[in-house]
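What follows is calculated from the coordinates using simple rules that are stated; it is not laboratory data. Bear in mind that the values here come from a model prediction, so they are computed numbers and not experimental data. Heads up, the Cβs are rebuilt from the backbone with ideal geometry, glycines too, and the neighbour counts pull from every protein chain shown.
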Amino acid sequence: MTTWNEPSLDRVDPEIARLIREEELREARTVRLIPSENYASRAVLEASGSCLTNKYSEGYPGKRYYEGQQSVDPIEVLAQDRLKALFGAEHANVQPYSGSPANLAVYLAFCKPGDTVMGLGLPAGGHLTHGWGVSITGMYFKSVAYGVRPDDHRIDMDQVRALAKEHRPKVIWCGGTAYARTWDFPAFRSVADEVGAIMIADIAHIAGLVAGGAHPSPFGIADVVTSTTHKTLRGPRGGMILAKKQHAAAIDKAVFPGLQGGPHNHTTAAIAVAALEASKPEFKQYARAVVDNAKTLADALTERGFRLITGGTDNHLLLVDLTPQGVPGKVAAKALDRAGLSLNYNSIPFDPRKPFDPSGVRLGTPAITSRGMGKTEMLQIADWFARVVQKHDDQATVEAVRREVEAMCVKFPAPGIPVV
Ligand code: DSN
């Protein structure tokens with residue numbers, strides 16, 4: 001058993017200790033609906049908060065530039081092997097610091113500045129690093145964005161094919177941050193093959209659903225798969241690149257020494273723990289429950305008069321257009337946050353409003369499902385959502401909902417958070 005002879009955080013830095021404690025309380029006592037957030041388990045948090053943070057390990061297992069890798073090498077190999085087994089991948093690089101660096105490493109592996117790249121546009125639900133103009137990826141590459149159809153807001157594969165044939169991109173990204181429907185990976189494969197492009201699936205949002213069998217897998221289809229490790233996968237803040245064997249050397253060289261220095265070994269260990277947890281049968285149930293909860297919430301919001309982009313969801317997230325309610329997304333998000341329902345304001349496709357003051361809100365079920373919430377709670381959350389949006393400037397309503405939210409949260413302990 002470890003015994004500590006040093007002062008605790010409480011004594012060394014009471015200010016930071018207090019702020020962390022406040023965040024624990026917030027995470028325990030609110031309904032967290034931001035679809036990219038989750039609760040990492042205590043085991044993941046322990047690995048992440050370990051002495052591995054002290055170690056430098058530039059290079060890869062067995063080929064390091066520093067000595068003293070007796071523990072770090074097997075940890076990184078375990079993380080790689082567990083992820084390869086979990087997803088059926090041929091190669092795993094677990095060193096990217098997060099999703100954006102993982103994606104940058106892919107560009108470095110396959111593209112030269114000025115090359116043409118293609119991805120889902122940010123306003124349609126894509127990610128900045130898939131070539132959007134304000135990101136380095138839209139500045140250093142000639143970026144072509146595909147979108148969604150104006151009528152049903154779904155990806156139009158005919159448009160993807162036509163744009164790809166016209167612009168002959170070097171890489172084609174599929175994946176997004178606010179797209180509530182299933183990704184048709186075989187369709188992207190066929191477009192990529194037609195134009196000789198590398199197909200990259202960014203599964204940051206849906207990695208846990210893919211691991212748990214609740215979303216079709218891009219493995220065996222995409223050339224490269226990138227992801228964060230902390231969203232539906234429930235790991236630490238981190239990134240990974242999984243690839244076909246023929247791309248292994250290019251990917252590894254791009255991550256180190258191309259883009260990064262020493263890997264974050266404490267994160268690598270926590271990724272290994274998360275991959276182990278995700279390989280258990282109960283993780284499949286979790287992934288299925290995330291999707292079931294999202295569908296229940298989508299139906300309940302629709303019944304309460306809300307307009308969902310694409311009319312519903314196939315995955316863990318929902319995008320709600322609040323135009324019919326006459327409430328800007330930001331106003332709603334702030335009132336909901338005060339009521340203990342935490343989500344984010346979000347642009348909707350073809351949004352007439354600005355990104356910092358958009359028409360919609362985005363919400364999702366990964367975190368609340370990790371607490372064991374189910375159908376009854378989804379209906380309750382839809383009720384609260386409707387009450388607060390309708391009476392967003394009525395302090396009494398907001399406070400009443402807040403009290404009800406706290407009372408419900410007490411019944412669903414949050415993984416990784418000490419009981420409060
Ligand atoms: N910030 C992430 C999200 O919320 O979807 C994407 O990087």
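Here are the numbers for the structure shown:
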{"read-out": "Residue in segment 198-214 that is touching a residue at least 24 places away in the same chain (Cβ under 8 Å) and over 22 Å from the mean Cα position of the chain (by Cα) present", "value": "yes"}
{"read-out": "Index of the failed condition, residue 35 passing every other in (1) in a helix (DSSP H, G or I); (2) within 16 Å of the ligand (Cβ to nearest atom); (3) not acidic (Asp, Glu)", "value": "(1)"}
{"read-out": "Residues satisfying the stated conditions in segment 44-72, i.e. in contact (Cβ under 8 Å) with a residue 12 or more places away in the chain, more than 30 Å from residue 221 (Cβ to Cβ), out of contact with any strand residue (DSSP E or B) (no Cβ under 6 Å at 6 or more places or on another chain) and buried (at least 17 other Cβ atoms within 10 Å of the Cβ)", "value": "45, 47, 48, 52, 55, 59, 69, 72"}
{"read-out": "Considering residues of segment 160-214 that are among the polar types (S, T, N, Q) and more than 16 Å from the ligand (Cβ to nearest atom) only, the residue farthest from residue 312 (Cα to Cα)", "value": "190"}
{"read-out": "Any hit, segment 91-99, residues being under 20 Å from the mean Cα position of the chain (by Cα) and surrounded by fewer than 24 Cβ atoms within 10 Å (Cβ to Cβ)", "value": "yes"}
{"read-out": "Considering residues of segment 332-390 that are touching a Phe, Trp or Tyr at 6+ places or on another chain (Cβ under 9 Å) and β-branched (Val, Ile, Thr) only, the residue farthest from the ligand (Cβ to nearest atom)", "value": "389"}
{"read-out": "Where a residue in segment 340-362 is of a type in the set (Gly, Ala, Ser) and its partner, wherever it lies, is part of a strand (DSSP E or B) and more than 15 Å from the ligand (Cβ to nearest atom), with Cβ under 6 Å and at least six apart", "value": "359/321; 360/320; 360/321"}
{"read-out": "Hits in segment 136-164 - residues which are surrounded by fewer than 14 Cβ atoms within 10 Å (Cβ to Cβ) and either touching a residue at least 60 places away in the same chain (Cβ under 8 Å) or closer than 12 Å to residue 179 by Cβ (or both)", "value": "150, 152"}
